[in-house]
1. Across peptide A:71-80, how many C-beta atoms of other chains are within 10 Å of each residue C-beta, on average?
2. In chain A, what percentage of the DSSP-assigned beta bridges are antiparallel, given to the nearest 5?
3. Over the stretch A:2-224, calculate the relative contact order: mean separation of alpha carbon pairs under 8 Å at least 6 apart, over the residue count, as a percent.
4. Which value at 222 nm does chain B reach when only helices count, each DSSP H run of 4 or more adding -39,500 (n - 2.57), with the total divided by all residues and rounded to the nearest 500 deg cm²/dmol?
5. In nanometres, what is the gap between the two model label sites at residue B:122 and residue A:105, each 7 Å from Cα along Cα-to-Cβ?
6. Please report the relative contact order for chain B, taking Cα pairs under 8 Å with a sequence separation of at least 6, and give it as a percent rounded to a whole number.
7. Between residue B:582 and residue A:114, what's the calculated FRET efficiency when r is the beta-carbon distance and R0 is 51 Å? Round to 0.05.
8. Return the calculated 222 nm mean residue ellipticity for chain A, to the nearest 500 deg cm²/dmol, obtained by summing -39500 (n - 2.57) across DSSP H runs with n ≥ 4 and dividing by the residue count.
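The values are calculated or read from the model by the stated rules, or taken from the named source; none is laboratory data. Owing to the predicted nature of the structure, the values given are computational and were not obtained by experimental measurement. Cβ atoms come from the backbone with ideal geometry, glycine included; neighbour counts cover every protein chain shown. Protein only, heavy atoms only, side chains kept; ligands, DNA and RNA dropped before computing areas. Shrake-Rupley method; radii C 1.70, N 1.55, O 1.52, S 1.80 Å.
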Amino acid sequence: MFKSRLIKSSLHRQFKRSQNADLKAYFQAQIPLINLPVKQTPLLVLDLEMTGLNPNLDQIISIGLLPLIEGKIVLAQAQYKLIKINGSVGQSAAVHGVLDQHLQQAVPLKEALHWFIQQATGKVLAAHHAPLDLSFLQQAINRHLNEKCALFAVDSLDIERRRILRRQGFIKGGELRLGECRERYNLPVYAAHNALTDALACAELLLAQLAADSGINKVKISQLLR
Amino acid sequence: MDVSELQPVRDFVSSLPPFDILSDQSLRLCCISLSVVYYSRNEQFVEVDANERQLYIVRSGAFEVLTEQGQLIDRISDGQYFGFSGMLSGEKVVNKVRILEDALVYLLPVKIFDQLRAASRQFDRFFNQAFAQRLRHQGAIKSKNINTSRISSVVSADLISIGSSTTIQQAAELMSEKRVSSLLIIDNNKLNGIITDRDLRSRVLAKGLDGQTLVKQVMTTDPLTSPKNALIFEAMLQMSENSIHHLPIIEDGRPTGMLTSTDIMRSQSSQPLLLIGQIGRQNSQEELIAVSRQIPQLLQNLISSDAQAQEIGRILTSVTDALTRRLITISQNELGEAPMQFCWLAFGSQARQDQVAGADQDNALLLEFEPDPGAQLYFQALSQAVCTGLNACGYSYCPGDIMATNQKWQLSLKQWENEFSKWVNTPQPAALLNATIFFDIRCIFGSYSLFESLQNKVLNKTKDNDIFLAAMTDNALQQSPPLGFFRDFVLERDGSEVKGIDLKHKGTALINDITRIYALAAGIKEVNTHKRLVLLKKSKFINHQDAHNLIDACEFIARKRLSNQGYQYSHSQQLSNYLQPQNLSALARHQLKDAFKAVHEAQAGIKLKFLRQF
């Protein structure tokens, strides 16, 4: 309850203070959403690929978005954007399969941020290990749109952590990785990795988590936000 | 968005028949139109929205489709579908879908499904309820390949080769040891030449070279070669145009074997007409036994030529018939003329002309009168010679002793009539077991008019004989075909899962039983199941659609049975009718399931017609 009130007041404050029209609309639309039960909340599952793990030093390479609405992942509305970066993708190319030549189709980060905020308006964000993705987005918004903001998202990793702790009281190494989480729900193994397939993998995991825990549907979405 | 970004979805969908035949454009449309849902076992049943019809594609997990009354229709897992029957018929869905395991499912909206069906006839045919069309279409594609045997079916599997730096003496030793007339000369996996018997004669002995001469000095370099998938006909042409007798076989750039003109001759002599001609020319039992050794190869050639199963059955049976006739003639040459008119009768698979590998003997004698002791001796000697001969040719004795050597089955016309009357009038279980064998009857040798009078009498007894036909029907319903497949198991109608299926007893035999009942009811003389069905269709005794479905199902199951035996033969396994689902492609599973469904429906048909039961 306490957390839920904190988030609500944060959203109100950001809506009032925001100088950016897109962000203002985004925060305004968030306020009524956070009181909904999970199943009725339109979610936007997101995944970012980055050049590294430090939001102060590393850059966003791509963004994958996939809406999850009324219990269905709508593939027709899947979206994917490559982002222009400074320098080369270097080492991380091996992980994400993003080559320098792909980046020729890339858009500037500022443009991508406008697009992202518009896509997210009216939906609640969701990601696996959401704090990392959110910190990169907050950093980018701070730099390119000159706004200090705090974003919230449903985190499938956090849901899984709570579930495992409830069950066995401790977490083993690697148990919370996306692939391992999916295995526990008998979800298929995906070989390819990019921002969109990982968003799909996360969205499917969320569906499975929501189906497995009937209690989770009784709580408001704000209880799940991080 | 580029669809390739959702690679996992596309990869999965494009691996499933019939989505695997869609154009890139249709596949893309399909993939971006999907939505993904998850069903937990806690929910028990899938809630089907009657207003929003869609195809359910199972990505992972398991379901059970049940009728409104809870009877099992199908069990479904990864890569299978449900929900399409309602989409095709437009009728309200009444079937229930139970969730067996947590499942991830792709949903395809009816609008897109219809667009895909409109864009591809093959796609449409797959889902269309007129599944018989699907089986038939498959047949049409296949039978185009008839009579186009390929090299791969005749060339021997082992590669006999030697390096070019060995001596010709070593080469000659290897040739004698392996009993071959030629060697491939291979260095570092590369074909450098060949050496033949003739080379050893004309290039070594005739030139006075000694055994220490190196192979590379006398071999034929850069020989003509042929790809493994070439037609036998093409290889024959290549050999005769170049006056050569040896062709190295190349597969993916590597030598894999040698095709010789002897291989080709041997394969051609297994052609049925040649074989039957050969049988007619033999003058002793021993010679016939030698000729009969070609029969397994003939069967394999027929299987690999993709001939229709019912044609293969007829060809193989005509060889059996020819052997039987020749054995009779040869022993009559010794025994002299028969003391009276007689017929050599065949029952069961030989009568129906659907023999496959390892058929038993089922035969008997029909005599003009009851034999006196002298006649009895004659027929005993004749049948003894013929049945022993058939046994030696690979047709083992009938375990139930339904054979011409058994005095119980050396009967006069009158006695046979009495036997048949007993079976027809008192349809006891044992009598019905006989009926399935004895009512498929054909004259192989002897007086055809004698045979015809028996057949007319029998059909007069069975035609429109309600009690007999009801008993036959009851007997034919003792076995039922499976429902389909679930993962690597065969799914029976009672929901149990078994490891394999007997394609004879749970497939072709059921169709034979159903068809026999109709044929006896209609008084049709034909005994071949395919021909019986064609006649029944023509005389409108069975409706057009049902006859078609049964013909297709019969052909499909019989072909699967044959190709399964072809697989067993090529893997040196014991030949059997037992099929294990893990060797089946997804498409073959769908087709077999359709065929089983046709058999099940035909069983329901005779139940209604002859037992007046639903």
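1. Working: counts 5, 6, 9, 5, 12, 8, 3, 7, 2, 4.
Per-residue shielding by partner chains comes out at 6.
2. If we restrict to bridges inside chain A, about 70 percent are antiparallel.
3. 26
4. Calculated from helices alone, the mean residue ellipticity at 222 nm is -15000 deg cm²/dmol.
5. Going from the residue B:122 label point to the residue A:105 one covers 2.8 nm.
6. Details: 951 pairs, mean separation 65.3, N = 614.
Answer for chain B is 11 percent.
7. Working: r = 54 Å, r/R0 = 1.05.
Efficiency for this residue pair is about 0.45.
8. Value at 222 nm, helices only, nearest 500: -13500 deg cm²/dmol.
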